[in-house]
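Engineer: Could you have a look at this structure, given as structure tokens, before my questions?
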Amino acid sequence: MKLAAFVALLPMLGSVALPGGSAAAPSTAAAPVTQTITATQDTYRTPWLPPSSSPVNGQLLMAGDEQLDGRVSYLKFPVPVLPANAVDVSVTLNLFEVGSNVSGGITVYRIVDPWDQASLTDASAPGLAGPLGYGEVAGTGGIATSVQLPAAKVPWGGDASVGITAGAGGAAAVAFASTRQADPSLWPTLTVSYDVSTAPVCSVSSLLVPSCGAWLGSTTNQFGAETSPADAVARQESELGRRLDIVHVYHSGNDDWPTPTEVALATDPATPRMLMVNWKPENGTSWADISAGLDDPWIDTVAGRILSRLGATRFFLTVHHEPEQEVLGAGSGFSETDYVAMFRHVVQRLRADGVDPVVVWDVMGYAAWGDLGYYDALYPGDDIVDWIAYDPYSHAGAPLTLFANRPGRTFPGFYTWATTNHPSKPLMLGEFGVESSVLTDRVAVFSSLAAQARTMPAIKAYVYFDHAVDSTTGGSSWAYDTDPTVLAAARNAFTDPFFLHQ
């Protein structure tokens, strides 16, 4: 099950095991398991033959044009349920080539439409949903042809249907043995192999807390010609060689959110991600106004949009992150007490409207605010907050253990404070970045990041602030792709098994 799918089911399921390969440490595997599955249905269609002449029971499977309209072979295999702790999964389609005059090879396609061998005709033939793999054909006959298929595209616990085409044009055609051949060793088969990990299977709680390792996320700031968050996410995932677990976006006041792009990023089952929305709800009002109910109609409108666009998909919500610099005195509408009341009111109003986000309290990564007692004064309460987030940054080579837990004069450091005062809460670096004018400093921080993250197990999510120099960041660049050595170090850090891969 993909992450986006089971995140939507989490309110009902509670803690859910991640699919195989999601361990937070290198897996310890037992002896490999191998299963050979024979096709239960196999035939081909010849468009120019009438249904009564369809070669359903023939001993061959044909693909290719052969100066005709094109032949496609169809095969169906019952695949087993894949164990949750299966790793290094391999799926191979095996065919015995009887004869061929194809120059090149065959393409294997996924089939999602239902079909039945006994009734298949040109008119009822299922469509080819997308390519799964390509295999070279010897062209001499009497030899096996194997095609590696992506395990992620296999419908585990159901029927795996594939279609096969061959090179088009001229007299191109290839023939494979079907299950009607007398010799079973020639029949089409699917070989499934995997290792069974003895490492603990990771799970995700209803509050999106992984039981091992940590999520990796990023902001969606657009660079260059990028015009949407989807462009930024595509670039980051390409550069890092992995999918982002969390996509971090920002909204304020009467912004129309979640946007269609945000919904698509958070609900696409082929690329499961979680949405983290940073919302400052003031719409020309103060914190005190919000807690008094002045913005309730607007909060209700936002709740309605969330329900209609995201449905039951769980997402992270931060209400007015980093409030410290905006705190004013008593009676201003922006006091510490006003902030707590506002935060609680917004969350309670959303919940009353049927929206139950995973609530993140997010503060600035600056120890001086801890010295002033702001973290205690601004905390909305354990009954409201699900995650506690901190926004620290690494300057001039400061390692994770320092910038995530930098002490002040009286403040012990955020990690120490949070784990001492709120030990039941998962922690998050809601924004973090690495900058230095010295490239080796940046490389050193990324190179040590995964190892140091393992020493701070309460931090369950790391959300990078991917931002170049501009009016927001001043003279600091937090982009990790401005130098190839820095990008390589960041890629190595973020593809470490500690940062979960779905």
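Engineer: If packing is taken as the average count of other Cβ atoms within 10 Å, what order do 213-220, 493-500 fall into, highest mean first? Mind dumping the intermediate values first?
Structural biologist: On the way: 213-220: 24.4, 493-500: 21.0.
Going from most to least packed, we get 213-220, 493-500.
Engineer: Quick one: which residues, 5+ away or cross-chain, put their amide H under 5 Å from the amide H of His320? H built at 1.01 Å from N.
Structural biologist: Result for His320 returns Trp279, Lys280.
Engineer: What order do you get for 395-401, 284-290 when each peptide is scored by the mean count of other beta carbon atoms within 10 Å, highest first?
Structural biologist: Order by mean packing, descending: 284-290, 395-401.
Engineer: When the helix-only estimate is applied to the chain (DSSP H runs of n ≥ 4, each -39,500 (n - 2.57), divided by the residue count), what is the mean residue ellipticity at 222 nm, nearest 500 deg cm²/dmol? Could you put the intermediate results ahead of the total?
Structural biologist: Working: 12 runs with 116 residues, N = 502.
Calculated at 222 nm, the ellipticity per residue is -6500 deg cm²/dmol.
Engineer: I'd like the Karplus ³J(HN,Hα) series for segment 207-212: coefficients 6.51, -1.76, 1.60, θ = phi - 60°, whole numbers in Hz, and an x wherever there's a Gly or Pro.
Structural biologist: For segment 207-212, the Karplus-derived couplings read 9, 6, 9, x, 6, 9 Hz, x marking Gly and Pro.
Engineer: Given Cβ point charges of +1 (Lys, Arg) and -1 (Asp, Glu) and nothing else, what value in debye, to the nearest 20, does the dipole of the chain about its Cα centre take?
Structural biologist: That gives the chain a dipole magnitude of about 1280 debye.
Engineer: Now, a different point. Quick one: order Met276, Met456, Met364 by neighbouring beta-carbon count within 10 Å, fewest to most.
Structural biologist: Listed from fewest to most nearby Cβ atoms, that is Met456, Met364, Met276.
Engineer: Where Lys and Arg each count +1 and Asp and Glu each count -1, what net charge lies around Ala418 among other residues with Cβ under 14 Å from its Cβ?
Structural biologist: With Lys, Arg at +1 and Asp, Glu at -1, the neighbours total -2.
Engineer: Order these by the 10 Å Cβ neighbour count, fewest first: Ser252, Ser335, Ser424.
Structural biologist: The order, fewest Cβ neighbours first, is Ser424, Ser252, Ser335.
Engineer: Still on this structure, I have one more. Over segment 203-494, what is the mean sequence separation of C-alpha contacts under 8 Å (at least six apart), divided by residue count, expressed as relative contact order in percent?
Structural biologist: After rounding, I find 17 percent.
Engineer: Just want the ordering: Asp183, Asp362, from fewest to most Cβ atoms lying within 10 Å of their own Cβ.
Structural biologist: Numbers: Asp183 8, Asp362 25.
In increasing order of surrounding Cβ atoms, one gets Asp183, Asp362.
Engineer: Which cross-chain or sequence-distant (5 or more) residues have an amide H under 5 Å from the amide H of Leu216, H modelled 1.01 Å from N in plane?
Structural biologist: Residues meeting the criterion, in which the H sits 1.01 Å from N, are Asp245, Ile246, Tyr462, Leu500.
Engineer: How many lysine pairs are close in the chain, with Cα atoms under 28 Å apart and the two 8 or more places apart or on different chains?
Structural biologist: Step by step, the pairs that qualify in the chain add up to 8.
Engineer: Any chance you could run the full-extension gain for Thr495 through Asp231? It's 0.36 nm times the residue separation minus the Cα-Cα distance, nm to one decimal.
Structural biologist: Full-extension gain reported as 93.0 nm.
Engineer: Then there is this: Using the beta-carbon distance between Ala270 and Arg409 and R0 = 56 Å, what value does 1/(1 + (r/R0)^6) give for FRET efficiency, to the nearest 0.05?
Structural biologist: The formula returns an efficiency of 0.65 here.
Engineer: Scan around Ile143 for amide H atoms under 5 Å from its own, H built in the peptide plane at 1.01 Å from N, and keep only partners 5 or more places away or cross-chain.
Structural biologist: Placed amide hydrogens put Glu97 under 5 Å from Ile143.
Bear in mind that the values in this text are calculations on the coordinates, not laboratory data. This is a predicted model, so every value here is computed, not measured. Don't worry about glycine lacking a Cβ; one is built from the backbone with ideal geometry, like all the others, and counts go over all protein chains shown.
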